[in-house]
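Shown next, in structure tokens, is the structure this report addresses.
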Amino acid sequence: MTDLSDLMKQRYGTARHGMPVDGNAVLASLMTHRSVRAYLDTPLPEGTLERLMAAAQSAASSSNLQAWSVIAVRDAERKARLAEWAGGQAHIRQAPLFLAFIADLSRLNRIAQAQGVAHEANDYLEMFLVAVVDAALAAQNVAAAAESMGLGTVYIGALRNQPEKVAQEFGLPPYAFGVFGMCIGHPDPSKPASIKPRLAQPAIVHHERYDVAAQSAPIAEYDELFKAFQVSQSLPTAGWNAPTATRVKGIEALMGRHTLRAALARLGFRLE
Ligand SMILES: Cc1cc2nc3c(=O)[nH]c(=O)nc-3n(C[C@H](O)[C@H](O)[C@H](O)COP(=O)(O)O)c2cc1C
């Protein structure tokens, strides 16, 4: 039995009455997650990628189609290009391993072609979603596995800033798209990352039917909690609500990704 009370407190800010605190090592490892953006030079132990990929491929997959691929990047110059396209994120250069997760319908096309059958379904949004969901599930298994091994990770959604450059860099065939990346490395202990609190469960978790009203109080509380977290991290105390609203206000918040649909069309996805 592992006592989760301290992790519960870090995740939700306060000791929540009625929350179970008995857990196990897996729950404790999942709840200890924090994104890591500062890495040591230390190379990853031999066999790390193979272990992480075995964890990734152990994730569930829609109809077992396994509609995802991954590009493992260690080359410094390639990481530098990817970092630049991702808005200059230095941790991409610093991490010994960068994984680009690919929503990949191209393999399914080739399998159909080899059998002389059409692959019309891959022109529909549904199959694009299948591939993106498969990639995300695999990636989250990688993150959980890496963290269980004492490594740090951070997702890189900014891989979508320049989807066509990324496709060209990796030599992706049509119907394949770099949906996000992930940096992996040994966390730099001189720049430790903290557990970031989340919304209280009533803002997220509904019982039987969706409840809008139940969310108001926890959202207001979270804004205050997040301000306190920002103070503890010496960050500007903007809270959570205002930056979150700004993040959805207009297309400028999409950092160029408002053209993604057109880019996807050029990468072969028709999204019918
Ligand atoms: C799909 C996805 C894309 C993300 N993209 C980036 C990114 O490009 N750069 C970055 O520094 N963090 C990125 N993040 C990390 C989030 O900012 C982070 O998970 C969030 O602030 C919560 O913090 P925590 O992971 O430390 O709990 C991304 C996370 C996800 C899930």
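Does segment 231-247 contain at least one residue that is surrounded by fewer than 16 Cβ atoms within 10 Å (Cβ to Cβ) and among the charged types (D, E, K, R)? Within segment 231-247, one or more residues are surrounded by fewer than 16 Cβ atoms within 10 Å (Cβ to Cβ) and among the charged types (D, E, K, R). Within segment 116-163, being of a type outside the set (Gly, Ala, Ser) and within 15 Å of residue 34 (Cα to Cα) holds for 140, 141, 142, 147, 149, 151, 153, 154, 155, 156. Return yes or no: is residue 62 touching a helix residue (DSSP H, G or I) at 6+ places or on another chain (Cβ under 8 Å) and either assigned by TED's automatic domain parsing to the domain that holds residue 221 or surrounded by 12 or more Cβ atoms within 10 Å (Cβ to Cβ) (or both)? Here the answer is yes, as residue 62 does meet what is asked.
Taken over segment 239-257, the criterion of being farther than 21 Å from residue 13 by Cβ and assigned to a loop (DSSP other than H, G, I, E, B) is satisfied by 250, 255, 256. Annotation for segment 245-261: no member residue is touching a strand residue (DSSP E or B) at 6+ places or on another chain (Cβ under 7 Å) and closer than 30 Å to residue 138 by Cα. Checking the structure you have, find out if any residue of segment 54-70 is among the hydrophobic types (A, V, I, L, M, F, W, C) and under 20 Å from residue 168 (Cβ atoms). So far as segment 54-70 goes, yes, one or more of its residues are among the hydrophobic types (A, V, I, L, M, F, W, C) and under 20 Å from residue 168 (Cβ atoms). Out of 208, 221, one residue alone is more than 27 Å from residue 160 (Cβ to Cβ), surrounded by 15 or more Cβ atoms within 10 Å (Cβ to Cβ) and either outside the structural domain of residue 86 (by TED's automatic domain parsing) or touching a residue at least 60 places away in the same chain (Cβ under 8 Å) (or both). It is 221.
Select from segment 224-238 the residues that are touching a residue at least 24 places away in the same chain (Cβ under 8 Å) and assigned to a helix (DSSP H, G or I) and list them in ascending order. Within segment 224-238, 225, 226, 228, 229, 232 qualify. Has segment 135-147 got at least one residue that is within 13 Å of the ligand (Cβ to nearest atom), crowded, with 18+ Cβ neighbours inside 10 Å and over 17 Å from the mean Cα position of the chain (by Cα)? No; the residues of segment 135-147 include none that is within 13 Å of the ligand (Cβ to nearest atom), crowded, with 18+ Cβ neighbours inside 10 Å and over 17 Å from the mean Cα position of the chain (by Cα). Reported count of residues in segment 160-205, each being more than 13 Å from the ligand (Cβ to nearest atom), outside the structural domain of residue 88 (by TED's automatic domain parsing) and aliphatic (A, V, I, L, M), is 4.
One line per residue, one yes/no per condition, for (1) surrounded by fewer than 18 Cβ atoms within 10 Å (Cβ to Cβ); (2) in the same structural domain as residue 167 (by TED's automatic domain parsing); (3) at positive phi; (4) part of a loop (DSSP other than H, G, I, E, B):
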{"position": "28", "(1), (2), (3), (4)": "yes, no, no, no"}
{"position": "37", "(1), (2), (3), (4)": "no, no, no, yes"}
{"position": "43", "(1), (2), (3), (4)": "yes, no, no, yes"}
{"position": "52", "(1), (2), (3), (4)": "no, yes, no, no"}
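Looking across segment 55-96, just one residue is closer than 23 Å to residue 193 by Cα, away from the ligand (no atom under 12 Å from the Cβ) and not in a helix (DSSP H, G or I), and that is 96.
The values are calculated or read from the model by the stated rules, or taken from the named source; none is laboratory data. What you see is a predicted model, and the numbers here were worked out from it, not measured in a lab. Here the Cβ is made from the backbone with ideal geometry for all residues, glycine too, and neighbour counts use every protein chain on show.
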